[in-house]
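In what follows, a structure is listed as structure tokens, so that the remarks can point back to it.
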Amino acid sequence: MTYADLAAFFSEQYGKGSFLAAALYREFYKSLNPRAWTAEVICRSPGLAACLERDWQVNPGRVIDEIEAEGVVKFITELDDGHCIESVIIAMATHRTVCVSSQVGCRMGCRFCETAQMGFVRDLTVQEITGQVYAARRRFGESIRNVVFMGMGEPLDNFDAVAKAVRVLSDQRGLDVALRRITLSTAGLIQGIERMATLNMPGLNLAVSLNSADNAQRTRLMPINRSNPLRALQKILLKVSKRQGPGIMINYVLIPGINDGRDCAQRLSSWLSPLRARVNLIPFNPGPDKKAGDQEIGSQEIRAHELRAPDQAEISVFREHLIQRGVNVQQRYPRGRGLMAACGQLGRCEPAEEAPRHP
């Protein structure tokens with residue numbers, strides 16, 4: 001619930017005012033107490049604690065496994081219906097970022113993504129989305145500062161739940177994650193991007209997974225390009241960037257022999273030229289059936305198990321091609337590969353056997 005939802009419910013259901021609603025909200029989100037009705041201020045209101053204990057459930061899912069290596073934690077949450085999702089906490093120099101899932105599986109079908117191999121199972125609810133951040137905060141406290149919707153699923157394909165989750169996460173009376181520290185990552189759902197621009201959420205960040213500026217190649221990598229092609233995507237991003245203000249982040253998963261040629265860099269720079277955008281260059285992360293360094297098999301039909309990770313020399317060459325063409329580009333260094341927790345690796349809900357587990 002947003003605070004406004006809670007305050008309205010308190011008034012209608014219990015005849016209580018905003019003071020007690022705010023106290024419950026604060027106890028739950030600030031003090032991270034799942035039994036928030038046990039707070040002293042709530043107990044002082046005759047009968048309220050008993051009503052809340054009777055009427056309320058806190059059931060965003062149960063963390064059933066947690067593994068960690070090199071400042072990266074992957075935790076697996078079992079949902080009420082038995083399905084599982086994965087979330088990742090990444091330690092930075094001064095804070096931690098939590099990468100959350102928005103769906104069980106995904107219907108986008110991107111060839112380089114493990115989640116896509118699951119297909120689509122179902123959308124997550126608001127409580128299942130916010131519950132991932134809540135669990136991360138209970139484990140690491142206030143150092144969880146950033147939230148990125150880059151886990152399992154396509155956030156804009158579960159638009160209403162994700163939008164409400166963002167409102168809950170950013171409420172200063174609760175988890176208090178600033179909008180400028182929340183990023184929605186999309187495969188390029190044009191209708192969703194347009195709806196996002198109407199949310200009146202200044203500072204909310206958008207990251208678009210592009211991966212090729214050639215329509216035929218992008219369609220092979222990302223079937224969504226058939227219904228959301230490059231020209232239409234560019235047009236909506238121009239519109240959104242003028243309305244929103246901040247520039248757009250373009251995620252580009254670099255796959256050797258597929259989208260790393262000089263011609264690929266030229267097409268990308270041309271496509272980006274009207275936009276104020278920064279390219280986030282992400283080395284492809286192999287799934288469990290493929291080792292970094294294995295050779296890919298050339299094919300019109302691109303399959304994840306036929307791809308390999310680029311080495312640093314290949315990344316540097318492509319990055320230099322972009323810099324020479326005036327593209328603002330930064331390289332993301334893979335973290336969590338051994339845990340199957342890096343970009344594009346979530347979805348099997350099976351932790352790496354050698355990874356240490358927390359009790």
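I need the full set of residues from segment 96-113 which are open to solvent by less than 10 Å² (accessible area, probe 1.4 Å) and within 12 Å of Ile85 (Cα to Cα), in order please.
Within segment 96-113, the first condition is being open to solvent by less than 10 Å² (accessible area, probe 1.4 Å), and the residues that meet it are 98, 100-105.
Selection gives Val100, Ser101, Ser102, Gln103, Val104, Gly105.
Can you find even one residue in segment 202-220 that is at pLDDT 95 or above, within 25 Å of Gln331 (Cα to Cα) and β-branched (Val, Ile, Thr)?
For segment 202-220, residues at pLDDT 95 or above, within 25 Å of Gln331 (Cα to Cα) and β-branched (Val, Ile, Thr): present.
Step by step: first the residues of segment 102-132, then only those that are in contact (Cβ under 8 Å) with a residue 60 or more places away in the chain and of a type in the set (D, E, K, R), then the one that is farthest from Ile255 (Cα to Cα). Which residue is that?
Per the stated criteria, the residue is Glu128.
Six or more apart or on different chains, Cβ under 7 Å: which pairs go from a residue in segment 9-32 that's modelled with pLDDT of 90 or more to one that's of a type outside the set (Ser, Thr, Tyr) and open to solvent by 70 Å² or more (accessible area, probe 1.4 Å)? Could you list them?
Pairs found: Ala22/Arg173; Tyr25/Arg173; Arg26/Arg173; Leu32/Arg138.
Among the residues of segment 151-170, what is the count of those that are open to solvent by 10 Å² or more (accessible area, probe 1.4 Å) and in a helix (DSSP H, G or I)? Full working, then the answer.
Narrowing segment 151-170 to residues open to solvent by 10 Å² or more (accessible area, probe 1.4 Å): 151, 153, 156-161, 163-164, 167, 170.
Still in the running and in a helix (DSSP H, G or I): 156-161, 163-164, 167, 170.
So the count comes out to 10.
Between a residue in segment 234-245 that is over 15 Å from Gln191 (Cβ atoms) and modelled with pLDDT under 90 and any residue that is in a helix (DSSP H, G or I) and open to solvent by less than 50 Å² (accessible area, probe 1.4 Å), which pairs come within a Cβ distance under 9 Å, given they are 6 or more apart or on different chains?
Between residues of segment 234-245 that are over 15 Å from Gln191 (Cβ atoms) and modelled with pLDDT under 90 and residues that are in a helix (DSSP H, G or I) and open to solvent by less than 50 Å² (accessible area, probe 1.4 Å), the close pairs are Gln244/Met196.
With the condition kept exactly as written, say whether any residue in segment 38-61 is of a type in the set (Ser, Thr, Tyr), under 17 Å from Val168 (Cα atoms) and exposed (fewer than 14 other Cβ atoms within 10 Å of the Cβ). Explain how you work it out, then say what you get.
First pass over segment 38-61, keeping only residues of a type in the set (Ser, Thr, Tyr): 38, 45.
Remaining after also requiring under 17 Å from Val168 (Cα atoms): none.
No, because not a single residue in segment 38-61 is of a type in the set (Ser, Thr, Tyr), under 17 Å from Val168 (Cα atoms) and exposed (fewer than 14 other Cβ atoms within 10 Å of the Cβ).
Kindly evaluate Ala116 against the criterion of being outside any strand (DSSP E or B) and surrounded by fewer than 17 Cβ atoms within 10 Å (Cβ to Cβ). I'd like the intermediate steps shown before the answer.
Working: outside any strand (DSSP E or B): yes; surrounded by fewer than 17 Cβ atoms within 10 Å (Cβ to Cβ): no.
Considered against the rule, which asks whether it is outside any strand (DSSP E or B) and surrounded by fewer than 17 Cβ atoms within 10 Å (Cβ to Cβ), Ala116 comes out as no.
So in segment 133-150, with the set limited to residues that are within 30 Å of Ile255 (Cα to Cα) and out of contact with any helix residue (DSSP H, G or I) (no Cβ under 8 Å at 6 or more places or on another chain), which one is least open to solvent (accessible area, probe 1.4 Å)?
In the first step, residues of segment 133-150 are kept if they are within 30 Å of Ile255 (Cα to Cα); the result is 146-150.
Among the residues that remain, those that are also out of contact with any helix residue (DSSP H, G or I) (no Cβ under 8 Å at 6 or more places or on another chain) are: 148, 150.
Details: Val148: 25, Met150: 56 Å².
Here the residue is Val148.
Here are Arg180, Arg226: which of them is more than 30 Å from Tyr29 (Cα to Cα) and not acidic (Asp, Glu)? Walk me through how you get there before you give the answer.
Working: Arg180 fails: more than 30 Å from Tyr29 (Cα to Cα).
Answer to the selection: Arg226.
Out of Phe28, Phe75, Phe10, which single residue is crowded, with 20+ Cβ neighbours inside 10 Å and in contact with a Pro (Cβ under 8 Å, 6 or more places away or on another chain)?
On the way: Phe75 fails: in contact with a Pro (Cβ under 8 Å, 6 or more places away or on another chain); Phe10 fails: in contact with a Pro (Cβ under 8 Å, 6 or more places away or on another chain).
Within the list Phe28, Phe75, Phe10, the selection yields Phe28.
I'd like the full set of residues that are at pLDDT 95 or above, among the aliphatic types (A, V, I, L, M) and part of a strand (DSSP E or B), limited to segment 127-150.
Within segment 127-150, Val147, Val148 qualify.
Can you list residue pairs whose Cβ atoms sit under 6 Å apart, with the first residue in segment 46-65 being within 17 Å of Ala7 (Cα to Cα) and the second being open to solvent by 70 Å² or more (accessible area, probe 1.4 Å)? Count only pairs 6 or more apart in sequence or on different chains.
Listed by first residue and then by second, the contacts come to Ala49/Cys43.
The values are calculated or read from the model by the stated rules, or taken from the named source; none is laboratory data. These numbers come from a predicted model, not from an experiment. Because the Cβ atoms are built from the backbone with ideal geometry, glycine has one as well, and the counts that use them run over all protein chains shown. All accessible areas refer to the heavy atoms of the entire protein, side chains included, with ligands and DNA or RNA removed. Shrake-Rupley method; radii C 1.70, N 1.55, O 1.52, S 1.80 Å.
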